[in-house]
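Report on the structure given below.
The values are calculated or read from the model by the stated rules, or taken from the named source; none is laboratory data. Predicted model, so just to flag it, every value in this text is computed and none were measured. Just so you know, the surface numbers come from the protein's heavy atoms only, side chains and all, with ligands and any DNA or RNA stripped out. Shrake-Rupley method; radii C 1.70, N 1.55, O 1.52, S 1.80 Å.
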Amino acid sequence: MRGRIHSIQSLGTVDGPGVRSVVFLQGCALRCPYCHNPDTWDTGGGTLREAGDVFAQLLRFRPYFGAEGGVTVSGGEPLLQVDFVTELFTLCRAEGISTALDTSGVRLDDAAKRLLAVTDIVLLDIKYSDDAKYRRYIGVPLETVLAFLREAQRQDKRVVLRQVVTPGVNDTPEDARALAELAMAFPAVYRVELLPFRKLCAEKYAALGLEFPFGDREEAKQETIDALYAYVPKRLRP
């Protein structure tokens, strides 16, 4: 099975527990206004590679994974190449390598369920904590993502909920409380990560001739992030 690869990061420390090799796939159907990887949107871009070839490359970094690390597939959106990721994760599992799926959770069908079956950790990008903002900024209902979360719960996966905090959009105590309440409703969720909105990607948009929808927004300050974590139970904080 071949997949379209945007890039591979040999040793990452922010894409799941421990030290992980991260495969960034090409292609995404969403156009999130704060996206920092617009260069991954094009479903026809990237480099076509066989799952076995990518796995062989990843296997070289195994000595650095330690007890907690492993392989993470991100994007773009991995669910657009669900069969490729399933094959890659199956190869990882056969070698006892931890697998993590970094996804927006906007697809749930039999193929996605098969992928979850060979996934150890789900890094689920919960864009916003209410349906109105999901529909306004992302164009899909929150329920779509909650259905994916429920399936991850049913399959007893370890789940990290991640949310980008953007000033003036979702940076209030009410937003943090809503996310915390959502997390506590699912025992599979063991961590909540609040990620500050940044604009380092502005040059990418300019180079691609694209408008950066949140280009006029201020970046989130670390003190804001720290204050919002006060509304998240300690057991769920990083």
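Worth a mention:
- Per-atom-type breakdown for segment 1-115 gives carbon and sulfur 50% of the accessible area (1.4 Å probe, protein chains only).
- The chain: angle of helix 82-94 to the longest principal axis, Cα-based, in degrees nearest 10: 60 degrees
- What segment 57-197 shows is 39 Å² of accessible area per residue, with the surface traced by a 1.4 Å probe over protein heavy atoms.
- Global form of segment 153-207, assessed from the alpha-carbon gyration tensor, a/c cut-off 1.5: oblate
- Put simply, segment 71-172 fits an ellipsoid with semi-axes of 26, 13, 12 Å; these come from the alpha carbon gyration tensor as the roots of five times its eigenvalues, largest first.
- Gyration tensor (alpha-carbon) shape descriptor, segment 99-238, a/c threshold 1.5: oblate
- Considered as an equivalent ellipsoid built on the Cα gyration tensor, segment 65-128 has semi-axes of 19, 14, 9 Å, the largest given first.
- Reduced Cα scattering model of segment 162-238, Debye log10 I(q)/I(0), q = 0.13, 0.14, 0.27 Å⁻¹: -0.45, -0.51, -1.22
- Take the convex hull of the alpha carbons in segment 5-125; its mean projected area over all directions comes to 6.7 nm².
- Kirkwood-based Rg to Rh ratio, segment 123-195, C-alpha trace: 0.94
- Our summary gives segment 1-81 a relative contact order of 43 percent, counting only alpha carbon pairs under 8 angstrom and 6 or more residues apart.
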